Amino acid sequence: MAARFWGYLLLGELLYAAGVSAALAATLSLSRVAILATALLVCASAPGLLVGASFALSGVARRACRRGGGARLLVAWLRESAQLTPVMLAMIAEPYRRVRDDPGAAPTAPATPVLLIHGILCNRAIWRPLIERLEERGFAPIRAISLEPLLADLEAHAATVAGELQALRQRSHGARVAIVTHSMGGLVARAALRLAGPAGIARIVTIAAPHHGTRLARLSHAPPARQMSPDSLWLRALNASQEGRLDVPFTSIYSVHDNLIAPPESSILEGARLKALGGLGHLALLRTRRSLECIVAALTEESS
């Protein structure tokens with residue numbers, strides 16, 4: 001599960017900080033206070049290093065510098081680095097939270113039910129800021145799911161989503177459901193649309209979705225990573241069947257400084273409304289006021 005993955009990553013970060021501190025202490029004969037301060041400094045710098053590495057691997061940094069966007073790239077790096085640890089801790093804690101799995105009955109007043117689908121190596125904890133915003137705006141019921149097994153084939157995840165969609169419609173007395181996704185979840189939603197059909201879906205809003213793949217997926221041989229590669233036969237078939245002829249209102253929100261979708265323009269899908277943002281990394285798209293307002297706006301805009 002995602003919580004275990006992020007727990008191991010956090011443990012590795014702590015062991016790395018302890019190792020660096022111990023090595024420096026042995027070399028420089030540091031005091032206990034200095035050792036502790038060094039360990040804290042290493043832990044604090046780790047998110048920035050990880051995010052910086054992702055920007056470098058995706059090629060966003062090189063492209064931004066060529067185009068004179070170095071300042072906005074710096075902002076994106078700082079924001080993304082600041083978000084990594086809170087997101088990590090939230091996903092680690094998710095299995096231990098006392099949450100209501102039942103999305104509840106439909107409200108007495110007409111409202112739009114929302115189904116939230118996360119990306120690879122994540123769980124539903126990433127949606128907390130958006131859930132709060134949607135509840136304030138009157139969307140209900142809201143259902144955020146955790147896709148398991150973590151690295152399952154995207155078609156298996158799509159079947160899960162199709163079942164969740166049907167269940168949420170039943171609880172909402174047949175109301176059509178709005179689907180909001182992040183990253184890999186966008187491809188899962190599109191595969192679920194192919195399975196379930198458009199009748200029960202009000203609209204789909206994808207955030208940082210690799211509609212045409214991401215080069216970083218080539219670093220893994222896990223089934224969903226292979227399907228998200230730009231040269232994926234599965235992805236080509238999905239696009240051939242849907243691009244330019246989407247059956248529901250569709251909005252793709254993305255950042256031109258996304259550090260994991262390479263290139264960021266992969267989120268451009270023919271037939272979808274496009275909303276490009278800047279100065280935001282992959283996770284920050286779910287946690288900053290500007291991006292959250294953009295998501296809510298996409299859910300409330302009139303269909304063309």
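If I take all pairs of Cα atoms in the chain, what percentage of them are more than 27 Å from each other? Walk me through the intermediate numbers first.
On the way: 19852 of 46056 pairs.
Summing the P(r) tail past 27 Å for the chain gives 43 percent.
May I ask you to derive the relative contact order of the chain, considering only C-alpha pairs under 8 Å and at least 6 residues apart, and to give it as an integer percent?
On the way: 527 pairs, mean separation 54.8, N = 304.
Dividing the mean separation by the residue count of the chain yields 18 percent.
Would you mind ranking Ile131, Ile295 so that the residue whose beta carbon has the fewest other beta carbons within 10 Å leads the list?
Details: Ile131 16, Ile295 21.
Listing Ile131, Ile295 from fewest to most nearby Cβ atoms yields Ile131, Ile295.
Where Lys and Arg each count +1 and Asp and Glu each count -1, what net charge lies around Leu292 among other residues with Cβ under 10 Å from its Cβ?
Working: positive: Arg133, Arg287, Arg289, Arg290; negative: Glu132, Glu293.
Every neighbour counted, the sum reads +2.
Looking at segment 226-266, which trypsin sites (Lys or Arg not before Pro) are in a loop (DSSP not H, G, I, E or B) and have at most 14 other Cβ atoms within 10 Å? Don't skip to the end; give the middle numbers.
Values: sites: Arg226, Arg236, Arg245; in loops: Arg245.
Filter output for segment 226-266: Arg245.
What residue among Leu36, Leu283, Leu154 has the largest mean-square fluctuation in a Gaussian network model of the chain, using Cα springs under 10 Å?
Fluctuation is largest for Leu36.
Rounded if a/c is under 1.5, else prolate if a/b is larger than b/c, else oblate: which is segment 2-96, with a ≥ b ≥ c the root eigenvalues of its Cα gyration tensor? List each step's numbers first, then the result.
Details: a/c = 2.67, a/b = 1.38, b/c = 1.94.
Here segment 2-96 falls in the oblate category.
Please report, in debye to the nearest 20, how large the charge dipole of segment 114-300 is about its Cα centre when each Lys and Arg carries +1 at its beta carbon and each Asp and Glu carries -1 there.
Values: 21 positive and 14 negative charges, 59 e Å.
Taking the Cα centre of segment 114-300 as origin, the dipole is about 280 debye.
Could you work out [θ]222 nm for the chain from helices alone, using -39500 (n - 2.57) per DSSP H run of at least four and dividing by all its residues? Round to the nearest 500 deg cm²/dmol. Walk me through the numbers on the way to the answer.
Values: 10 runs with 152 residues, N = 304.
Rounded to the nearest 500, the figure is -16500 deg cm²/dmol.
For a quick check, take a GNM of the chain with Cα springs below 10 Å and name the residue from Thr206, Thr251, Thr160 with the largest mean-square fluctuation.
Greatest mean-square fluctuation among the candidates belongs to Thr160.
For segment 2-96, give the magnitude of the charge dipole about the Cα centre (Cβ charges: +1 Lys/Arg, -1 Asp/Glu; no others), in debye to the nearest 20.
In total the dipole reaches around 500 debye.
When the chain is fully extended, how far beyond the present Cα-Cα distance does Arg171 get from Ala82, taking 0.36 nm per residue of separation? Intermediate results must be reported in sequence, preceding the final value.
Values: separation 89, 0.36 × 89 = 32.04 nm, distance 3.76 nm.
Working it through step by step, the gained length comes to 28.3 nm.
Taking only complete DSSP H runs, can you tell me which helices of the chain stretch 15 Å or more along their own long axis by Cα positions and average at least 0.0 on the Kyte-Doolittle scale?
Working: long enough: 2-28 (39 Å, 1.25); 32-58 (39 Å, 1.77); 70-93 (35 Å, 1.01); 154-171 (25 Å, -0.15); 184-196 (18 Å, 1.15); 289-300 (17 Å, 0.70).
Result, helices passing both filters: 2-28, 32-58, 70-93, 184-196, 289-300.
If Lys and Arg each add +1 and Asp and Glu each add -1, what is the summed charge of the other residues whose beta carbon sits under 10 Å from the beta carbon of Pro113?
Numbers: positive: Arg143, Arg169, Arg171, Arg176; negative: none.
Its environment carries a net charge of +4.
What is the sum of charges around Glu132, taking Lys and Arg as +1, Asp and Glu as -1, for the other residues whose C-beta is under 14 Å from the C-beta of Glu132? Walk me through the intermediate numbers first.
Numbers: positive: Arg124, Arg128, Arg133, Arg137, Arg287, Arg289; negative: Glu135, Glu136, Glu293.
Net charge in that neighbourhood comes out at +3.
How much length would be gained if the chain were fully extended between Leu40 and Tyr96, taking 0.36 nm per residue of separation minus their Cα-Cα distance, in nm to one decimal?
Details: separation 56, 0.36 × 56 = 20.16 nm, distance 2.60 nm.
Extra length available between Leu40 and Tyr96 comes to 17.6 nm.
Give me the one-decimal Kirkwood hydrodynamic radius in Å for segment 174-304, with the sum taken over alpha-carbon pairs.
On the way: mean 1/r = 0.0678 Å⁻¹.
Computed over segment 174-304, the radius equals 14.7 Å.
Read the figures in this text as sums done on the coordinates, not as results from a lab. Not measured: the values here are computed from a predicted model. Don't worry about glycine lacking a Cβ; one is built from the backbone with ideal geometry, like all the others, and counts go over all protein chains shown.
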